[in-house]
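Engineer: Quick one: the structure is below, and I'll ask about it shortly.
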Amino acid sequence: MLSTMIKTSLSIVLLTSAMASFAGDLTVTKNVTVNASPDTVWKMVGDFNHLDVWHPVVVASQLTHGGCQANGAVRLLTLGNGATITEKLMATNYADRSYTYMITESPLPIADYVSTITVSEAADGKATVTWNSSFDANGATDEEAINTISGIYDAGLNSLDKHFNK
């Protein structure tokens with residue numbers, strides 16, 4: 001049992017270290033607390049191929065490689081304006097209700113984007129959804145890149161807020 005725990009901890013440390021080498025210098029962290037249990041919110045947010053269900057800008061999500069919760073899975077997101085974003089799942093932690101992914105192709109003014117979405121327990125049986133990332137600006141100022149990612153997060157988290165806080 002202890003050996004398994006040590007191996008799991010070592011794997012997490014190595015994965016986190018490897019992902020940090022991909023991450024950029026800019027960061028955005030946004031969160032919302034909703035009136036639903038963490039398990040209920042995770043059912044909506046935790047499926048890697050489910051972003052089109054809760055994010056208003058994403059009109060379709062299609063797996064192009066791997067299973068929806070398998071590390072290395074790739075999803076192709078189609079936005080309302082027809083643009084597409086390709087993302088790769090890096091890690092899923094069911095115990096912590098989180099997953100980490102990276103953008104591999106995108107029209108967004110960013111590069112080296114790595115992000116984690118986490119659903120955690122809040123007071124009174126509610127859940128807090130936290131979405132954070134690190135990235136570099138690409139073809140834009142740092143401020144423009146940060147504002148772009150902040151706007152994406154705000155739209156998604158506001159949608160969750162409306163859904164669960166009706």
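Engineer: Looking at Ala60, Ala155, Ala127 in this structure, which one is of a type outside the set (S, T, N, Q) and over 19 Å from Val34 (Cα atoms)? Lay out the reasoning, then the answer.
Structural biologist: On the way: Ala155 fails: over 19 Å from Val34 (Cα atoms); Ala127 fails: over 19 Å from Val34 (Cα atoms).
Unique residue meeting the criteria: Ala60.
Engineer: Could you pull out every one of the strands (runs of 3 or more DSSP E) wholly within segment 49-147 that has 3 or more residues that are of a type in the set (A, V, I, L, M, F, W, C) and touching a residue at least 60 places away in the same chain (Cβ under 8 Å)?
Structural biologist: 110-121, 127-137
Engineer: OK, next. Looking only at segment 92-110, how many residues end up being farther than 17 Å from Ala145 by Cβ, surrounded by fewer than 17 Cβ atoms within 10 Å (Cβ to Cβ) and not polar (S, T, N, Q)?
Structural biologist: 3
Engineer: Still on this structure: Any idea how many residues of segment 35-48 are assigned to a loop (DSSP other than H, G, I, E, B) and surrounded by 17 or more Cβ atoms within 10 Å (Cβ to Cβ)?
Structural biologist: Total satisfying the criteria: 3.
Engineer: Now for a different question. Determine if segment 74-93 includes at least one residue that is among the hydroxyl-bearing types (Ser, Thr, Tyr) and at pLDDT below 95.
Structural biologist: Yes: segment 74-93 contains one or more residues that are among the hydroxyl-bearing types (Ser, Thr, Tyr) and at pLDDT below 95.
Engineer: Could you please find all residues in segment 10-42 being out of contact with any strand residue (DSSP E or B) (no Cβ under 7 Å at 6 or more places or on another chain) and modelled with pLDDT of 95 or more?
Structural biologist: Asn35, Asp39, Thr40
Engineer: Could I ask something else about it? When you scan segment 61-69, do you find a residue that is of a type in the set (S, T, N, Q), at pLDDT below 90 and surrounded by 13 or more Cβ atoms within 10 Å (Cβ to Cβ), even just one?
Structural biologist: yes
The values are calculated or read from the model by the stated rules, or taken from the named source; none is laboratory data. Since we're looking at a predicted model, the values are computed, not measured. Please note: Cβ atoms are built from the backbone with ideal geometry, for glycine as well, and neighbour counts cover all protein chains shown.
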